[in-house]
1. Working only within segment 65-104, note down all residues that are without any contact (Cβ under 8 Å) to a residue 24 or more places away in the chain and among the aliphatic types (A, V, I, L, M).
2. For segment 6-24, does any single residue satisfy the condition of being closer than 21 Å to Ser160 by Cβ, surrounded by fewer than 17 Cβ atoms within 10 Å (Cβ to Cβ) and either basic (Lys, Arg) or at pLDDT below 90 (or both)?
3. Of all residues in segment 258-316, count the ones that are in contact with a helix residue (DSSP H, G or I) (Cβ under 8 Å, 6 or more places away or on another chain), modelled with pLDDT of 85 or more and assigned to a helix (DSSP H, G or I).
4. Among (1) among the aliphatic types (A, V, I, L, M); (2) farther than 25 Å from Val184 by Cβ; (3) in contact with a helix residue (DSSP H, G or I) (Cβ under 6 Å, 6 or more places away or on another chain), there is one condition Ala98 misses while meeting the rest; what is its number?
5. Would you confirm whether or not segment 113-129 contains a residue that is out of contact with any Phe, Trp or Tyr (no Cβ under 6 Å at 6 or more places or on another chain) and under 24 Å from Val263 (Cβ atoms)?
6. Got a sec? Which of Ala107, Ala98 is surrounded by 15 or more Cβ atoms within 10 Å (Cβ to Cβ), within 26 Å of Glu19 (Cα to Cα) and small (Gly, Ala, Ser)?
7. So, in segment 246-288, exactly how many residues are among the charged types (D, E, K, R) and in contact (Cβ under 8 Å) with a residue 24 or more places away in the chain?
8. Looking at segment 186-219, which of the residues that are part of a loop (DSSP other than H, G, I, E, B) and under 19 Å from the mean Cα position of the chain (by Cα) is farthest from Tyr126 (Cα to Cα)?
Amino acid sequence: MSESGQNTVILHKFNTMEEYVITLKETNNPAILKFEANRPLVHKGSYEYKNIDEAKDSPLAQQLFYLPFIKTVYISGNFVAMERFDIVAWDDVKQEVAQQLVEYLNAGEPVVNEPEKGSRVAVTVYAEVTPNPAVMKYVANKKLVPDVFEFKDIDQAKHSPLARKLFGFPFVREVFMDHNYISVTKYEVAEWEDVSMELREFIREYLASGGEVLEPGAAAESKSVAGIPAGGMDNLDPVSQEIASILEEYVKPAVASDGGNIVFQSYEAESKTVHVVLQGACSGCPSSTFTLKNGIETMLRNMLGDKVSDVVAING
């Protein structure tokens, strides 16, 4: 989660050395506000909660969800970040939320009931080949990420501790994550038969030991990477909405099974051309052009008639 640093407010309650001090910091997403404490709140990774049921292990998050405008709660290290619904603006409620938060913490109430030190998670990871010979897909038996993430280099992976670790392998070129799997693109310097087992075991051990896949709030930033037009689907014209829906319903599942992703980018009505972004195993794949021309393009023509004449792929 990046910080704009435009607005900072400090609140406190008790005049003792053990008091909690909360600093408010804006993020690059106006819907998310970060409440940073002067002391650690949790010690074993990061936590993301979408509703009060998911927050059964976090008494603090459960309390926050009683506020009707709270959409998502992120807890990590020394901060709590909250995403709001559009029914309110942060300027109208942030002081009240910060005061409630600091009172809760100074009362000694629990933040997250973290697992005992040394506890491990039962995780299985298996490797799958993909149509792209440079990409191997590693599938876990648990959800890893809430959305699609693509990292072209270690600099882009600043909010993914696992991706940064993977870039530590000299043969790793790119990392793609989607729900329960990770697709890794390698350089030609190595062959999969020589490195796949090592990489699979590293990912499994990392997850089993409770390693953090993403930092809280990273999901909010992934939207701009995927190539989706600003404003989302609601701002698209009717034909573009139809195309995006077809890709989502009929194409994405098949592409995901091969370790990749396809995202609608734009539609040019005059030339009847559809632009899509390819990610993961599909990006730079030798068979991607064939697949688009003979699969996706044909499907769009059959379902939308003369509204579509061509599909152009852009590597993500």
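1. Those that are without any contact (Cβ under 8 Å) to a residue 24 or more places away in the chain and among the aliphatic types (A, V, I, L, M): Ile70, Ile87, Val88, Ala89.
2. no
3. Residues flagged as in contact with a helix residue (DSSP H, G or I) (Cβ under 8 Å, 6 or more places away or on another chain), modelled with pLDDT of 85 or more and assigned to a helix (DSSP H, G or I) within segment 258-316 amount to 5.
4. Looking at each condition in turn, Ala98 falls short on (3).
5. Yes: one or more hits.
6. Ala98
7. Looking only at that region, the number is 2.
8. By that ranking, first place goes to Gly217.
The values are calculated or read from the model by the stated rules, or taken from the named source; none is laboratory data. Given the structure is predicted, the values throughout are model-derived calculations rather than measurements. Positions of Cβ are backbone-derived with ideal geometry, glycine not excepted, and every protein chain shown enters the neighbour counts.
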